[in-house]
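What follows is one structure encoded as structure tokens, with my remarks underneath.
Values quoted throughout were computed directly from the atomic coordinates according to the rules given, and no laboratory measurement underlies them. Since the structure is predicted, the reported quantities are computational estimates derived from the model, not experimental observations. Cβ placement follows ideal geometry from the backbone for every residue including glycine, while neighbour counts extend to all protein chains displayed.
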Amino acid sequence: MTKIYNKLVRDKIPQIIEQDNKSALTEILSVDEYKTELLKKLIEESTEAASAADKRELIAELADVLEVFKAIMVAEDISWKEVNDIAEKKRELRGGFEKRIFLLKTWEK
């Protein structure tokens, strides 16, 4: 039975598929295609994290999000310091999320 995936996968997935006595057709993406697929993968993994059934599954999904996040940073030549500096500036200006504020609506005064 053939199953279509058409998505970016971790580097060792083709080997794992072969070890499971299956075959896989793969291709190497161009740099631009890779960057596009990484952003799609970030959405996929974030959605899986949001759907996690329990803390253990959430941790595993967040690890996947982190792996994709790190790959995007490498692909785009972005340092952790650059991201962290902007995050800190945003925290100073707009705050974090610790207070659990849920915005219901706004209106003109």
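Return the residue satisfying two criteria in turn: it lies in the range 10-30 and is in contact (Cβ under 8 Å) with a residue 12 or more places away in the chain and assigned to a loop (DSSP other than H, G, I, E, B), and of such residues it is farthest from LYS70 (Cα to Cα).
Initially, the range 10-30 is screened for residues in contact (Cβ under 8 Å) with a residue 12 or more places away in the chain, giving 10, 14, 26, 29.
Filter once more, so that each one left must be assigned to a loop (DSSP other than H, G, I, E, B): 10, 26, 29.
On the way: ARG10: 13, THR26: 23, LEU29: 18 Å.
The extreme case among them is THR26.
Got a number for residues in the range 89-109 being within 22 Å of SER46 (Cβ to Cβ) and not small (Gly, Ala, Ser)?
First pass over the range 89-109, keeping only residues within 22 Å of SER46 (Cβ to Cβ): 90-91, 94-98, 100-103.
Subsequent filtering for residues that are not small (Gly, Ala, Ser) retains 90-91, 94, 97-98, 100-103.
Total satisfying the criteria: 9.
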